[in-house]
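Q: Got a structure here, written out as structure tokens. Questions coming.
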Amino acid sequence: METITVQQARQFILAVQGLTGAYKFTGKKGAYEYIRRAGCIQFDPVDVCGKNAELTLQSRVKGFRKQMLEELLYKDRLLVDYPDKELCVWPTEDWPYFSSYRERSRAAGAAFEGLEALKERAVRYIDENGPVSSDSLPIEGEIFWHSSMHWSGNWDKKSPAARSVLEQLYTDGELVIHHKKGSRKFYDLAEKHLPPAVLAAENPCRDEESFLSWRLLRRIGAVGLLWDRNSTALLGLDLNAERRKALLSALADAGEIRAVRVEGLKTPFYYRCTDEPMMREVTAGSADLKPRVSFIAPLDPLMWDKQLIQALWDFRYSWEIYTPAAQRKYGYYTLPVLYGDRFVGRIEAAADRKEKLLRVKGLWWEPGVRQTKKLTAGLEKTLKAFSRFNDCEGYVMQTEPLSAGS
């Protein structure tokens, strides 16, 4: 088994993810290409300086604007928002792979009294009247319901009937999200928006084991280099250690992935064989690794496994959005700052949409980071681009940069 250095492991992950060197992805087409490469990116509705999916794309896609993702989802229909690693955005072409998800949703929904009749009413209304939200669907009252897919509904009390039936039909695959206004979702019939060939396609996975294998391969590709251990990058996959090792072994035997060791770490790592050319460039020292400053989303594929980040980068990151204000070490919505192959700090920025200003509330450098002219210039360039991404005309520093822990 080949052994690579920790620095080569970092460089490979960043190169595969499009976070170092010249931009590999540009514009709306590039946003779609990146999501196809990653398999899925996580969605979160909180919007301080961009939603998580938008933040994930802005760090990799040159010239990305928020409208591009909305168009890919709700106009071009090349992407769908649907559960995978929690709520995610993934390519519409992968819809057939998730048929077992939809079957499981329908089976779970059948257990809730009165839900089937409400589903029929909702489908009939939407077919006749078009897209609806939970506010505009004329179904009153409450029912006992909770989602089999994600944290929605209640386990110990009733939930609003309109919202419950819409979310059930959504996870059943009968409805898709037509559009959003803020965090409010409007649903329409899937058959009106997804290609007939996609809806009629058979599941390419012959059983649950092959579906798990396909998803495991996707997660490895999204991270770039993933270790053989219990990982939060594998969230949503029903894998114990024995099953994970068996699937990794089968994928390796099939020529889908390759194992390497990283100096100083006992656990083997795996990468997709399709990324072999990049591994060879990194180990030969010929990869394009020109540094640039990037602000990384809290739920970015790069950050999916924070223990891996700590092991390879010696960088500890915690998303403090749910931490009480008095207990936060940094800020409410703090983003890691990447420069070259290092995490050099973290930044808290908020878009003031009324004043059209990006307000930088905090900037913390990691210990030992030298604020060189190149780093300063890179930060300035990225702050200007980040302001434009947030439809701001500029930015203002509301604090002096601090050292981590200050």
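Residues checked against (1) open to solvent by less than 10 Å² (accessible area, probe 1.4 Å); (2) in a loop (DSSP other than H, G, I, E, B); (3) not basic (K, R):
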site	(1), (2), (3)
E93	no, no, yes
D135	no, yes, yes
K157	no, yes, no
E167	yes, no, yes
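Q: If I go through segment 339-360 residue by residue, how many of them are among the acidic types (D, E), more than 16 Å from L375 (Cβ to Cβ) and surrounded by 18 or more Cβ atoms within 10 Å (Cβ to Cβ)?
A: The initial filter retains those residues of segment 339-360 that are among the acidic types (D, E), namely 341, 348, 352, 355.
Adding the requirement that they be more than 16 Å from L375 (Cβ to Cβ) leaves 348, 352, 355.
Those left that are additionally surrounded by 18 or more Cβ atoms within 10 Å (Cβ to Cβ): 348.
The number of residues fulfilling the criteria is 1.
Q: Which one is nearest to I309 (Cα to Cα), of the residues in segment 319-348 that are of a type in the set (A, V, I, L, M, F, W, C) and touching a Phe, Trp or Tyr at 6+ places or on another chain (Cβ under 7 Å)? Break it down into steps so the answer makes sense when it comes.
A: In the first step, residues of segment 319-348 are kept if they are of a type in the set (A, V, I, L, M, F, W, C); the result is 319, 321, 325-326, 335, 337-338, 343-344, 347.
Filter once more, so that each one left must be touching a Phe, Trp or Tyr at 6+ places or on another chain (Cβ under 7 Å): 321, 335, 337, 343-344, 347.
Working: I321: 19, L335: 14, V337: 13, F343: 10, V344: 13, I347: 18 Å.
Step by step, filter segment 319-348, then rank; the result is F343.
Q: I'd like the full set of residues that are surrounded by 19 or more Cβ atoms within 10 Å (Cβ to Cβ) and within 15 Å of F43 (Cα to Cα), limited to segment 178-192.
A: Within segment 178-192, just K185 meets the criteria.
Q: In the list F386, F295, which residue meets the criterion of being open to solvent by less than 30 Å² (accessible area, probe 1.4 Å), in contact (Cβ under 8 Å) with a residue 12 or more places away in the chain and more than 29 Å from L237 (Cβ to Cβ)? Show your work before the answer.
A: Numbers: F295 fails: more than 29 Å from L237 (Cβ to Cβ).
From the options F386, F295, the qualifying one is F386.
Q: While we're looking at this one, here's another question. Can you pull out every residue in segment 197-221 that is open to solvent by 70 Å² or more (accessible area, probe 1.4 Å) and either among the hydroxyl-bearing types (S, T, Y) or in contact (Cβ under 8 Å) with a residue 40 or more places away in the chain (or both)?
A: E202, P204, E208
Q: Sticking with this one: Kindly indicate whether any position in segment 129-147 is modelled with pLDDT under 95 and among the aromatic types (F, W, Y).
A: yes
Q: Among the listed residues L78, L72, L87, identify the single one that is open to solvent by 10 Å² or more (accessible area, probe 1.4 Å), closer than 16 Å to H178 by Cβ and of a type in the set (A, V, I, L, M).
A: On the way: L72 fails: open to solvent by 10 Å² or more (accessible area, probe 1.4 Å); L87 fails: closer than 16 Å to H178 by Cβ.
That would be L78, the only listed residue that is open to solvent by 10 Å² or more (accessible area, probe 1.4 Å), closer than 16 Å to H178 by Cβ and of a type in the set (A, V, I, L, M).
Q: Among the residues of segment 102-111, is any under 27 Å from Y333 (Cα atoms) and open to solvent by 40 Å² or more (accessible area, probe 1.4 Å)? Full working, then the answer.
A: Filtering segment 102-111 for residues under 27 Å from Y333 (Cα atoms) gives none.
No, segment 102-111 contains no residue that is under 27 Å from Y333 (Cα atoms) and open to solvent by 40 Å² or more (accessible area, probe 1.4 Å).
Q: Can you name the condition, by its number, that A31 falls short on among (1) crowded, with 21+ Cβ neighbours inside 10 Å; (2) assigned to a loop (DSSP other than H, G, I, E, B)?
A: For A31, the exception is condition (2).
The values are calculated or read from the model by the stated rules, or taken from the named source; none is laboratory data. Remember, predicted model here, so these are calculated numbers, not experimental data. Please note: Cβ atoms are built from the backbone with ideal geometry, for glycine as well, and neighbour counts cover all protein chains shown. Ligands, DNA and RNA are stripped out before the accessible areas are found, and what is left, the full protein with its side chains, is counted by its heavy atoms. Shrake-Rupley method; radii C 1.70, N 1.55, O 1.52, S 1.80 Å.
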